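Read the figures in this text as sums done on the coordinates, not as results from a lab. What you see is a predicted model; the values in this text were computed from it and never measured. Backbone-built Cβ (ideal geometry, glycine too); neighbour counts: all protein chains shown.
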Amino acid sequence: MWAVPCVIVAILAVLIARTTHTLDPYRPIESSVKPIRVQVVALNWKWLFIYPDYGVASVNHLEIPVGTPIDFELTAESLMNSFFIPRLGSQVYAMAGMRTQLHLIADAPGTYPGQSAAFSGEGFSDMRFDAVATSQAGFEAWVREARRAPQAMDARAYRTVSQPATPGTPAVYASVEPDLFEGVVDRFSVLPGAASICKPPVIAQATVSSPKE
């Protein structure tokens, strides 16, 4: 009487365990093609994409080659957000002071709408971007064009773009401040040697002495 249900439950448990493991966002996608790294910062209310291996960055525009695994590293400037490209796969949360991972791949060229799937204030409904999947040649052409952009993503530009505002026209940056992403992740860290490029300024507090008895 109990044997058949136990066997069914055991089979389902094995299937669920295996499929759940294959959907782990931290698990790299198996491919003979070298993956491309993209560092993502969830701002209020826009997305910053950094390509550390190419030295360029963009806001609210994600360019990727077809058939190439994309290894995302994600964090947030302040409010927690959810990075989600529905047609490409799972969503993952981005939180300030933390780094998480996600691995996606586009099997066909096209434009894949992306969004934040977590409510994060008045600009939440406009926190959208396009992930454009193109050929390898098209992606390399985009990188060359990005390197000719008139603006750079340095510490000053980051402080400007990180100000809360609804996104305007997608922007591209010809270069990126070294360790910018690490600075965003570590700006709340109190450990010695933590990156400080994006740390908020220290505000001195006045002390009030207690009256003498």
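Using Cβ point charges alone (K and R +1, D and E -1), the dipole size of the range 1-110 about the Cα centre works out to roughly 140 debye. The magnitude of the dipole of the range 23-186, with charges of +1 and -1 set on the Cβ of Lys/Arg and Asp/Glu and taken from the Cα centre, is near 220 debye. Taking other C-beta atoms within 10 Å as the exposure proxy, Leu104, Leu43 rank Leu104, Leu43 from fewest upward. Our summary gives the range 23-186 a relative contact order of 28 percent, counting only alpha carbon pairs under 8 angstrom and 6 or more residues apart. Averaging the Cα positions of each part gives two centres, and for the range 21-95 and the range 121-180 these lie 13 Å apart.
Per-residue packing, averaged as other Cβ atoms within 10 Å, sorts the ranges 139-151, 115-127 into the order 115-127, 139-151, beginning with the highest.
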